[in-house]
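Some notes on the structure that comes next.
The values are calculated or read from the model by the stated rules, or taken from the named source; none is laboratory data. What you see is a predicted model; the values in this text were computed from it and never measured. Because the Cβ atoms are built from the backbone with ideal geometry, glycine has one as well, and the counts that use them run over all protein chains shown. Side chains are part of the model used for accessible areas, which takes the heavy atoms of the whole protein and leaves out ligands, DNA and RNA. Shrake-Rupley method; radii C 1.70, N 1.55, O 1.52, S 1.80 Å.
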Number of protein chains: 2
Amino acid sequence: MSVPLYQAKAELFRTLGHPVRIRVLEMLGEGPRPVRDLLAELDVEASSLSQQLAVLRRAGIVTATREGATVVYALSTSDVAELLGAARQILTDMLDTQGKLLAELRAESGAG
Amino acid sequence: MSVPLYQAKAELFRTLGHPVRIRVLEMLGEGPRPVRDLLAELDVEASSLSQQLAVLRRAGIVTATREGATVVYALSTSDVAELLGAARQILTDMLDTQGKLLAELRAESGAG
DNA sequence: TGGCAAGTTGAAGAATTCTGAAACTTGCCC
DNA sequence: GGGCAAGTTTCAGAATTCTTCAACTTGCCA
(Lines give C-alpha, C1' and ligand atoms only; values in the text may rest on other atoms or scores of the structure.)
Protein backbone atom coordinates (compact mmCIF):
# COMPACT_ATOMS: atom_id res chain seq x y z
CA MET A 1 0.00 0.00 0.00
CA SER A 2 1.37 3.42 -0.84
CA VAL A 3 -0.39 5.97 1.33
CA PRO A 4 -2.79 4.76 4.03
CA LEU A 5 -6.33 5.98 3.47
CA TYR A 6 -6.48 7.78 6.79
CA GLN A 7 -3.45 9.77 5.85
CA ALA A 8 -4.91 10.70 2.49
CA LYS A 9 -8.05 11.83 4.31
CA ALA A 10 -6.03 13.93 6.70
CA GLU A 11 -4.29 15.59 3.78
CA LEU A 12 -7.56 16.22 2.03
CA PHE A 13 -9.02 17.89 5.10
CA ARG A 14 -5.89 19.91 5.61
CA THR A 15 -6.16 21.07 2.03
CA LEU A 16 -9.65 22.35 2.75
CA GLY A 17 -8.64 24.03 5.98
CA HIS A 18 -8.37 27.60 4.80
CA PRO A 19 -11.12 30.24 4.52
CA VAL A 20 -10.18 31.36 1.02
CA ARG A 21 -10.00 27.80 -0.24
CA ILE A 22 -13.42 27.07 1.24
CA ARG A 23 -14.96 30.07 -0.43
CA VAL A 24 -13.38 29.19 -3.73
CA LEU A 25 -14.83 25.69 -3.55
CA GLU A 26 -18.24 27.03 -2.65
CA MET A 27 -18.20 29.34 -5.67
CA LEU A 28 -16.97 26.58 -7.95
CA GLY A 29 -19.80 24.44 -6.63
CA GLU A 30 -22.10 26.67 -8.67
CA GLY A 31 -20.06 26.11 -11.80
CA PRO A 32 -16.69 26.90 -13.39
CA ARG A 33 -15.33 30.40 -12.85
CA PRO A 34 -12.46 32.45 -14.23
CA VAL A 35 -9.90 33.61 -11.71
CA ARG A 36 -11.03 37.18 -12.33
CA ASP A 37 -14.48 36.43 -10.89
CA LEU A 38 -13.09 34.68 -7.84
CA LEU A 39 -10.78 37.58 -7.26
CA ALA A 40 -13.62 40.07 -7.51
CA GLU A 41 -15.57 38.39 -4.73
CA LEU A 42 -12.76 37.47 -2.41
CA ASP A 43 -10.94 40.55 -1.22
CA VAL A 44 -7.49 39.00 -1.30
CA GLU A 45 -4.47 39.81 -3.40
CA ALA A 46 -4.10 38.10 -6.74
CA SER A 47 -0.90 36.37 -5.71
CA SER A 48 -2.48 35.10 -2.54
CA LEU A 49 -5.48 33.69 -4.38
CA SER A 50 -3.15 32.10 -6.89
CA GLN A 51 -1.30 30.40 -4.05
CA GLN A 52 -4.48 28.94 -2.67
CA LEU A 53 -5.63 27.84 -6.10
CA ALA A 54 -2.29 26.10 -6.53
CA VAL A 55 -2.87 24.22 -3.29
CA LEU A 56 -6.24 23.01 -4.53
CA ARG A 57 -4.79 22.12 -7.92
CA ARG A 58 -1.91 20.11 -6.46
CA ALA A 59 -4.41 18.21 -4.35
CA GLY A 60 -6.38 17.42 -7.49
CA ILE A 61 -9.57 18.99 -6.15
CA VAL A 62 -9.89 21.56 -8.91
CA THR A 63 -8.75 21.80 -12.51
CA ALA A 64 -7.53 24.86 -14.35
CA THR A 65 -8.12 25.44 -18.04
CA ARG A 66 -6.58 28.23 -20.00
CA GLU A 67 -8.94 30.05 -22.36
CA GLY A 68 -7.03 32.74 -24.11
CA ALA A 69 -5.82 35.18 -21.51
CA THR A 70 -8.09 33.92 -18.75
CA VAL A 71 -7.83 30.79 -16.66
CA VAL A 72 -11.03 29.00 -15.71
CA TYR A 73 -11.23 26.83 -12.61
CA ALA A 74 -13.67 24.02 -11.95
CA LEU A 75 -14.22 21.28 -9.38
CA SER A 76 -12.64 17.97 -10.40
CA THR A 77 -15.48 16.13 -8.74
CA SER A 78 -18.84 17.40 -7.66
CA ASP A 79 -18.56 15.26 -4.51
CA VAL A 80 -16.88 18.22 -2.95
CA ALA A 81 -20.29 19.80 -2.51
CA GLU A 82 -21.33 16.90 -0.27
CA LEU A 83 -18.27 17.32 1.86
CA LEU A 84 -19.04 20.97 2.39
CA GLY A 85 -22.65 20.09 3.08
CA ALA A 86 -21.65 17.57 5.72
CA ALA A 87 -19.45 20.19 7.34
CA ARG A 88 -22.30 22.68 7.45
CA GLN A 89 -24.51 20.03 8.99
CA ILE A 90 -22.03 19.39 11.77
CA LEU A 91 -21.59 23.06 12.48
CA THR A 92 -25.30 23.81 12.66
CA ASP A 93 -25.72 20.74 14.83
CA MET A 94 -23.10 21.95 17.23
CA LEU A 95 -24.42 25.48 17.30
CA ASP A 96 -27.85 24.10 17.97
CA THR A 97 -26.66 22.02 20.89
CA GLN A 98 -24.77 24.95 22.31
CA GLY A 99 -27.84 27.13 21.95
CA LYS A 100 -29.91 24.63 23.88
CA LEU A 101 -27.33 24.35 26.62
CA LEU A 102 -27.29 28.11 26.95
CA ALA A 103 -31.06 28.20 27.13
CA GLU A 104 -31.06 25.57 29.87
CA LEU A 105 -28.47 27.44 31.84
CA ARG A 106 -30.54 30.60 31.61
CA ALA A 107 -33.66 28.73 32.67
CA GLU A 108 -31.90 27.23 35.66
CA SER A 109 -30.47 30.48 36.90
CA GLY A 110 -33.92 32.05 36.43
CA ALA A 111 -35.55 29.27 38.48
CA GLY A 112 -32.77 28.91 41.05
CA MET B 1 -22.53 37.86 12.73
CA SER B 2 -19.74 36.48 14.90
CA VAL B 3 -17.75 34.03 12.82
CA PRO B 4 -18.57 33.64 9.12
CA LEU B 5 -19.70 30.15 8.24
CA TYR B 6 -16.92 29.62 5.73
CA GLN B 7 -14.36 30.37 8.41
CA ALA B 8 -15.97 27.95 10.82
CA LYS B 9 -15.86 25.34 8.08
CA ALA B 10 -12.21 26.01 7.44
CA GLU B 11 -11.47 25.59 11.13
CA LEU B 12 -13.44 22.37 11.27
CA PHE B 13 -11.52 20.93 8.34
CA ARG B 14 -8.26 22.05 9.80
CA THR B 15 -9.18 20.31 13.02
CA LEU B 16 -9.62 17.09 11.08
CA GLY B 17 -6.39 17.51 9.16
CA HIS B 18 -4.17 15.15 11.09
CA PRO B 19 -3.73 11.39 10.65
CA VAL B 20 -4.05 10.56 14.34
CA ARG B 21 -7.15 12.67 14.72
CA ILE B 22 -8.70 10.98 11.69
CA ARG B 23 -8.04 7.54 13.07
CA VAL B 24 -9.45 8.49 16.44
CA LEU B 25 -12.64 9.72 14.81
CA GLU B 26 -12.93 6.57 12.74
CA MET B 27 -12.62 4.43 15.87
CA LEU B 28 -15.08 6.57 17.78
CA GLY B 29 -17.47 6.18 14.85
CA GLU B 30 -17.92 2.59 16.01
CA GLY B 31 -18.77 3.73 19.51
CA PRO B 32 -17.25 5.30 22.63
CA ARG B 33 -13.76 4.16 23.56
CA PRO B 34 -11.47 4.64 26.55
CA VAL B 35 -8.16 6.32 25.85
CA ARG B 36 -6.41 3.08 26.63
CA ASP B 37 -8.01 1.37 23.63
CA LEU B 38 -7.19 4.20 21.29
CA LEU B 39 -3.64 4.17 22.52
CA ALA B 40 -3.36 0.43 21.97
CA GLU B 41 -4.24 0.73 18.29
CA LEU B 42 -2.44 3.91 17.43
CA ASP B 43 1.28 3.53 17.98
CA VAL B 44 1.83 7.05 19.30
CA GLU B 45 2.94 8.27 22.70
CA ALA B 46 0.30 8.85 25.32
CA SER B 47 1.07 12.54 25.58
CA SER B 48 0.88 12.92 21.83
CA LEU B 49 -2.49 11.23 21.67
CA SER B 50 -3.68 13.37 24.53
CA GLN B 51 -2.67 16.48 22.62
CA GLN B 52 -4.68 15.41 19.62
CA LEU B 53 -7.66 14.48 21.76
CA ALA B 54 -7.49 17.94 23.30
CA VAL B 55 -7.66 19.48 19.83
CA LEU B 56 -10.80 17.49 19.05
CA ARG B 57 -12.30 18.36 22.44
CA ARG B 58 -11.66 22.08 22.09
CA ALA B 59 -13.32 21.96 18.69
CA GLY B 60 -16.35 20.29 20.27
CA ILE B 61 -16.14 17.27 17.99
CA VAL B 62 -15.70 14.75 20.77
CA THR B 63 -16.61 14.58 24.45
CA ALA B 64 -14.61 13.08 27.28
CA THR B 65 -16.17 11.41 30.30
CA ARG B 66 -14.25 10.27 33.30
CA GLU B 67 -15.18 6.85 34.63
CA GLY B 68 -13.04 6.07 37.59
CA ALA B 69 -9.45 6.01 36.47
CA THR B 70 -10.24 5.81 32.79
CA VAL B 71 -11.46 8.51 30.42
CA VAL B 72 -13.94 7.55 27.73
CA TYR B 73 -14.21 9.51 24.50
CA ALA B 74 -17.19 9.70 22.17
CA LEU B 75 -18.28 11.65 19.10
CA SER B 76 -20.38 14.70 19.98
CA THR B 77 -22.40 14.19 16.83
CA SER B 78 -22.64 11.16 14.62
CA ASP B 79 -22.63 13.44 11.57
CA VAL B 80 -18.88 13.15 11.68
CA ALA B 81 -19.21 9.74 10.10
CA GLU B 82 -20.84 11.31 7.04
CA LEU B 83 -18.03 13.78 6.72
CA LEU B 84 -15.47 11.00 6.73
CA GLY B 85 -17.60 9.06 4.28
CA ALA B 86 -17.74 12.01 1.90
CA ALA B 87 -13.97 12.33 2.13
CA ARG B 88 -13.51 8.67 1.28
CA GLN B 89 -15.85 9.07 -1.67
CA ILE B 90 -13.80 11.94 -3.06
CA LEU B 91 -10.55 10.07 -2.63
CA THR B 92 -11.76 6.91 -4.31
CA ASP B 93 -13.22 9.04 -7.08
CA MET B 94 -9.92 10.73 -7.65
CA LEU B 95 -7.94 7.51 -7.53
CA ASP B 96 -10.38 6.03 -9.99
CA THR B 97 -9.95 8.90 -12.41
CA GLN B 98 -6.22 8.72 -12.10
CA GLY B 99 -6.30 5.01 -12.72
CA LYS B 100 -8.29 5.52 -15.90
CA LEU B 101 -5.95 8.20 -17.12
CA LEU B 102 -3.02 5.91 -16.54
CA ALA B 103 -4.75 3.12 -18.42
CA GLU B 104 -5.43 5.45 -21.34
CA LEU B 105 -1.86 6.58 -21.43
CA ARG B 106 -0.68 3.00 -21.46
CA ALA B 107 -3.15 2.16 -24.22
CA GLU B 108 -1.99 5.09 -26.31
CA SER B 109 1.68 4.32 -25.99
CA GLY B 110 0.87 0.71 -26.75
CA ALA B 111 -1.05 1.69 -29.90
CA GLY B 112 1.30 4.47 -30.94
C1' DT C 1 -0.22 6.83 53.44
C1' DG C 2 2.73 5.18 49.59
C1' DG C 3 2.90 3.85 45.02
C1' DC C 4 1.35 2.90 40.58
C1' DA C 5 -1.64 3.31 36.46
C1' DA C 6 -4.08 6.46 33.37
C1' DG C 7 -4.21 10.73 31.38
C1' DT C 8 -3.38 15.65 30.92
C1' DT C 9 -0.73 19.85 30.65
C1' DG C 10 3.23 22.98 29.74
C1' DA C 11 7.07 24.28 27.23
C1' DA C 12 10.77 24.54 23.73
C1' DG C 13 12.57 23.63 19.26
C1' DA C 14 11.58 21.84 14.58
C1' DA C 15 8.70 21.83 10.74
C1' DT C 16 4.81 23.79 8.03
C1' DT C 17 1.95 27.10 6.35
C1' DC C 18 0.59 32.05 5.39
C1' DT C 19 1.13 36.53 3.49
C1' DG C 20 2.65 40.20 0.69
C1' DA C 21 6.13 42.14 -2.50
C1' DA C 22 8.51 41.73 -6.65
C1' DA C 23 9.62 39.50 -10.82
C1' DC C 24 8.13 36.61 -14.48
C1' DT C 25 5.06 34.36 -18.29
C1' DT C 26 1.30 34.44 -21.84
C1' DG C 27 -1.89 36.15 -24.85
C1' DC C 28 -3.87 39.98 -27.11
C1' DC C 29 -4.27 44.45 -29.34
C1' DC C 30 -2.15 48.43 -31.39
C1' DG D 1 7.78 44.88 -31.59
C1' DG D 2 5.66 47.60 -27.44
C1' DG D 3 2.52 47.60 -23.86
C1' DC D 4 -0.98 46.00 -21.01
C1' DA D 5 -4.07 42.64 -18.68
C1' DA D 6 -4.39 38.17 -16.33
C1' DG D 7 -2.18 34.98 -13.67
C1' DT D 8 1.62 32.46 -11.63
C1' DT D 9 5.99 31.81 -9.20
C1' DT D 10 9.60 32.81 -5.92
C1' DC D 11 11.08 34.33 -1.67
C1' DA D 12 11.64 36.00 3.05
C1' DG D 13 9.62 36.87 7.42
C1' DA D 14 5.60 36.05 10.54
C1' DA D 15 2.45 32.96 12.45
C1' DT D 16 0.84 28.15 13.40
C1' DT D 17 1.18 23.56 14.31
C1' DC D 18 3.79 19.25 15.68
C1' DT D 19 6.51 16.45 18.55
C1' DT D 20 8.77 15.16 22.57
C1' DC D 21 10.13 15.47 27.26
C1' DA D 22 9.18 16.49 31.88
C1' DA D 23 6.03 17.55 35.46
C1' DC D 24 1.53 17.24 37.26
C1' DT D 25 -3.37 15.36 38.62
C1' DT D 26 -6.68 11.59 39.90
C1' DG D 27 -8.26 7.36 41.34
C1' DC D 28 -7.35 2.95 43.15
C1' DC D 29 -5.35 -0.59 45.92
C1' DA D 30 -2.12 -2.59 49.25
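Some points to look at:
- Percent accessible area from carbon and sulfur atoms, the protein assembly as shown, protein chains only, probe 1.4 Å: 51
- Sequence-distant contacts, meaning Cα pairs under 8 Å at least 6 residues apart, place the relative contact order of the range A:5-110 at 26 percent.
- Each pair of Cα atoms in chain A enters the Kirkwood radius, and Stokes-Einstein at 25 °C and 0.890 mPa s then converts it into a translational diffusion coefficient of 150 µm²/s.
- Only helices enter this figure: runs of n ≥ 4 DSSP H residues, each worth -39500 (n - 2.57), summed and divided by the residues of the protein assembly as shown, yield -22500 deg cm²/dmol at 222 nm to the nearest 500.
- Extended-chain gain in nm, criterion 0.36 nm per residue less alpha-carbon gap, A:Asp93 and A:Gln7: 28.3 nm
- Built amide H within the under 5 Å cut-off of B:Val62, gap 5+: B:Arg57, B:Ser76
- Rolling a 1.4 Å probe over the heavy atoms of the protein chains gives chain B an accessible area of 58 Å² per residue.
- Residue with peak Gaussian network fluctuation, chain A [Cα springs, cutoff 10 Å], from A:Glu30, A:Glu67, A:Glu82: A:Glu67
- Among B:Val20, B:Val55, B:Val71: highest mean-square fluctuation, GNM of chain B, C-alpha pairs under 10 Å: B:Val71
- Take A:Met27, move 7 Å from Cα toward the beta carbon, and the resulting point lies 4.2 nm from the same point in each other copy, nearest first.
- Segment A:Leu39-A:Ala103, extension gain: residue separation times 0.36 nm, minus the distance between their alpha carbons: 18.9 nm
- Gyration tensor (Cα) of the protein assembly as shown, equivalent ellipsoid semi-axes in angstrom: 37, 25, 14
- A cut-off under 14 angstrom between Cβ atoms defines the neighbours of B:Ile90, and their net charge, with Lys, Arg +1 and Asp, Glu -1, is -3.
- Number of partner chain Cβ atoms within 10 Å, mean per residue of A:88-101: 4
- Residues with amide H under 5 Å from that of A:Gly29, placed H, sequence gap 5 or more: none
- Most mobile of B:Asp96, B:Asp37, B:Asp79 in a GNM of chain B (Cα contacts under 10 Å): B:Asp96
- Cβ-vector label at 7 Å, A:Gln51, separations to other copies in nm: 2.4
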